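Below is one structure; the comments refer to it alone.
Computed from the coordinates by the stated procedures, all read-outs in this text should not be read as laboratory data. All of these numbers come straight from a predicted model, not from anything done at the bench. Glycine also receives a Cβ, built like all others from the backbone with ideal geometry; neighbour counts cover every protein chain displayed.
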């Protein structure tokens with residue numbers, strides 16, 4: 001246990017019932033040693049994977065390609081966990097203008113916007129309750145506040161029975177969130193990955209908002225890794241792992257509540273970071289290779305229109321519009337249209353109509369982004 005006076009507070013066991021608001025939710029830190037050999041070993045492996053991910057991202061000639069792609073995959077995945085289902089194609093089609101998108105796509109795009117907003121916020125001030133409020137408000141598309149009324153009881157998907165009822169009372173929730181903040185910033189003798197796992201459970205258990213808690217909590221995970229300088233930009237597709245292990249994710253969350261099974265939960269989340277970092281790294285390497293192959297092909301087949309700016313544009317905007325080329329390449333509309341049509345002839349792009357608008361899709365990139373594997 002740390003010598004920091006913050007850790008002097010230890011919690012006595014509390015009785016918990018699924019149908020009763022858990023107003024006695026224990027404060028952090030957990031009354032258990034989480035710096036076990038197994039957890040510390042897992043932290044080392046996850047840190048290596050994150051370092052390799054950062055290196056792969058640093059080798060991308062243009063970071064905009066990553067910023068415009070991986071966060072959208074995370075947005076799709078995190079929304080899918082909450083049964084808000086859209087497709088990768090629809091997300092990219094409406095990523096710039098979502099007026100005509102369906103509600104699920106709009107909600108997933110708001111997650112992407114919330115991730116960006118949170119990323120910009122933590123460059124100005126540390127992660128806090130205010131950050132969570134801003135992120136949740138962005139996700140839901142309306143102003144969200146800390147709950148003043150009882151929370152929604154969480155039920156089992158299979159049986160429909162109540163499995164957890166969060167605390168209630170605004171002041172109690174704010175007190176719990178204040179403790180959550182203190183743990184994030186003061187438990188500095190613990191690896192940030194351990195703090196991320198513990199704080200994620202606690203945030204979900206507090207359930208401070210009437211809706212959007214799960215997605216807000218997953219944004220906060222990525223922001224914490226960036227704040228602790230384990231990531232540079234929000235490009236970790238962490239929700240992919242949770243989708244693949246959804247039942248285990250919810251089971252382990254409940255096991256912490258019911259049994260105090262912190263070690264198993266922490267190991268699960270650290271393994272999620274490690275595996276996701278490795279997967280995301282491989283995806284980035286494939287994107288970079290595809291971009292270089294595409295550049296080589298255009299140089300050979302259409303050397304008169306080739307420019308690095310043009311190639312970057314069709315990778316930053318997999319659903320490209322004429323205006324994108326005008327703004328990035330600096331040509332007139334007629335010329336931009338000509339460039340895109342030549343790329344269609346070269347089978348680099350495919351042309352689609354969306355109402356009165358023409359969209360030029362990068363099919364190879366979309367296939368790469370949509371598939372689980374990284375084959376070109």
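Data for the structure
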read-out: Convex hull volume of segment 302-370 per residue (C-alpha atoms, cubic angstrom); value: 83 Å³
read-out: Computed Rg/Rh of segment 146-220, alpha carbon atoms with Kirkwood Rh; value: 1.01
read-out: Alpha-carbon gyration tensor eigenvalues x 5, square-rooted, for the chain, Å; value: 42, 22, 17
read-out: Cα coordinate range in segment 197-280, projected on the principal axes (Å, largest first); value: 35, 26, 21
read-out: Alpha-carbon Rg with Dmax, taken over segment 102-245, Å; value: 15.1, 46
read-out: Mean Cβ neighbour count within 10 Å, used as a protection proxy, ranking 134-140, 177-183 highest first; value: 134-140, 177-183
read-out: Along each principal axis, Cα extent of segment 216-357, largest first, Å; value: 66, 33, 26
